[in-house]
Amino acid sequence: MEQYYQREIETMEPSELKKLQSEKLKKQVRHVYEHNAYYRRLMDEKGVKPEDIQGVEDLCKLPFLSKQDLKDAYPTGMLSVPMTDCVRIHSTSGTTGKRVIAFYTQHDIDLWDECCARAIVATGGNEDSIVQVCYGYGLFTGGMGLHGGAGKVGALTLPMSSGNTERQIQFMMDLGASILCCTPSYAAYIGESLKEQGYMPEDIPLKAGIFGAEPWTEEMRQDIEKTLGIKAYDIYGLTEISGPGVAFECSEQTGMHINEDHFIAEIINPETGEVLPEGEKGELVFTCLDKEAFPMMRYRTRDICVLHRGKCSCGRTFLKMAKPMGRSDDMMIIRGVNVFPSQIETVLLKEGYTSNYQIIVDRVNNTDTFDVYVEFLPEDFEDTMKSIAAKEKKLQDALKTMLGISPKVHLVEPKSIARSEGKAVRVIDRRKLV
């Protein structure tokens, strides 16, 4: 029987949910307009006043927010409450320039914890569970988000953070951890390490895993489930919106339920900004309905996905988002062809390889070079040079079929590609494209 953390909300009739969203949206727009000078200017430039927003059907009148806006408003320009009302910050990695700093009131953290609690309960978690949180703690939202959710549920929480895999395994086995929370690439690495230590899936106490913060494929999910002997659930979030728990997977594993009482989701054409109908692929946009300190209105996530609402066997009525298919800003254009790393991972796993790979793109004599490094399976490492070349050619052909262009494939020694304890670095783009 499916469990809920907040049954009444999670199974609310869509018409009632829309009414709730409309009431919250009207209140939130006025809050942002009156207390956030940056967004008020964007609304004024578009000729929109709070009284123009009477419900969710008016959402399209509001201006978009982008990551560039958040960088322009750095560090406190997007705050919608006095800083003295805030109790915490989190931040993005800042790998592309200025960090985005997200502020939280205690109210914001309580709502975030509830969202993560819903995700944990959807995996079968309860007060008897032992939740091992291996997402990074600190400025990164992953660790604190799932930690807070586990606390709401009343589970015993192991606040491991990332790294020190030997200790992770020791605590997991000695304390009987039942739910693992980390990035999918780190889950795969833990599974690989357990296997090397001689553990079989049936020896591992885990029952479920909540994995997110980076793209992963269905093939990778199946690989993790087989290695760890668990059911692997997807979770979605981003620092700008709150962190993990914006959307979560249920037992059906056919997409992630968006916590619609707190967030409105839209899909737009990334080129034109036009709102697309349900079921069409486009860029995901979120509006925060309850956040006080850092409420994003129509924030462009750059994640490409599809939204769909249908009857779910779990009983939840929340809209579902498909697993993101890539990012409109992370997409690589190689020799004129759009390439997403997730496409490459899909091929590798279908061809029987592990998820340990790296893509290196460069430009030589005005021509893009495209190399994919993939680890041998340990049992294949003794292959002859002739059979290695044949396997590289077979994989290269499979990638060409998927992508439309042919990369150069390099099969390399097992464990020669650096393992990740956080977000995996899959792509190195050395081209000078500016």
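Computed from the coordinates by the stated procedures, all read-outs in this text should not be read as laboratory data. From a predicted model like this one, the values you see are computed outputs, not experimental measurements. Neighbour counts run over all protein chains shown; Cβ positions are idealised from the backbone, glycine included.
The magnitude of the dipole of region 1-114, with charges of +1 and -1 set on the Cβ of Lys/Arg and Asp/Glu and taken from the Cα centre, is near 600 debye.
As a ratio to 2.2 N^0.38 Å, the alpha-carbon radius of gyration computed for region 246-316 takes the value 1.15. Rounded to 0.05, the FRET efficiency of the Asp203 and His35 pair, given R0 = 51 Å and the Cβ-Cβ distance, is 0.40. Here r is the Cβ-Cβ distance between Asp371 and Glu278 and R0 is 41 Å; the resulting FRET efficiency, rounded to 0.05, is 0.55. With contacts taken as Cα pairs under 8 Å and at least 6 residues apart, region 332-429 reaches a relative contact order of 34 percent. Whole angstrom only: what separates the Cα centroid of region 1-48 from the Cα centroid of region 157-218? Cα centroid to Cα centroid, the span is 36 Å. Residue by residue, region 394-403 carries 3J(HN,Hα) couplings of 4, 5, 4, 5, 5, 5, 5, 4, 6, 8 Hz when phi is fed to the Karplus relation 6.51 cos²θ - 1.76 cosθ + 1.60 (θ = phi - 60°); x denotes Gly or Pro.
Can you give the net charge of the other residues whose Cβ lies under 10 Å from the Cβ of His107, counting K and R as +1 and D and E as -1? Around His107, the charge tally is -4. With all pairs of different C-alpha atoms in the average, the Kirkwood value for the hydrodynamic radius of region 74-183 is 15.0 Å.
Quick check on region 332-429: what does the Kirkwood estimate of hydrodynamic radius come out to from the alpha carbon pairs, in Å?
Averaging 1/r across every pair of different Cα atoms and inverting gives 13.9 Å.
Under 19 Å from a label point set 7 Å out along the Cα-to-Cβ vector of Tyr74, the amide N atoms of region 130-151 belong to 139-141. A viscosity of 1.002 mPa s and a temperature of 20 °C, combined with the Kirkwood radius over C-alpha pairs in the Stokes-Einstein formula, give region 310-372 a diffusion coefficient of 147 µm²/s. Distance between the 7 Å Cα→Cβ label points at Met173 and Arg431: 4.6 nm.
Hey, what did region 18-84 get for relative contact order, percent, Cα under 8 Å, at least 6 apart?
Taking the mean separation of contacting Cα pairs over the length of region 18-84, I get 39 percent.
Take every pair of alpha-carbon atoms less than 8 Å apart whose residues are at least six positions apart; their mean separation over the length of the chain yields a relative contact order of 14 percent.
Listed from fewest to most Cβ neighbours within 10 Å, the set Met296, Met385, Met83, Met160 follows the order Met385, Met83, Met160, Met296. The ranking of Thr301, Thr141, Thr105 from fewest to most other beta carbons within 10 Å of each one's beta carbon is Thr105, Thr301, Thr141. Relative to 2.2 N^0.38 Å, what does the C-alpha radius of gyration of region 1-85 come to as a ratio? Two decimals please. With N residues counted in region 1-85, Rg over 2.2 N^0.38 Å equals 1.35. Centre-to-centre separation between the Cα atoms of region 138-156 and those of region 245-297: 22 Å.
Annotation: the residues Arg426, Arg419, Arg300, sorted from fewest to most other C-beta atoms within 10 Å of their own C-beta, follow the order Arg419, Arg426, Arg300.
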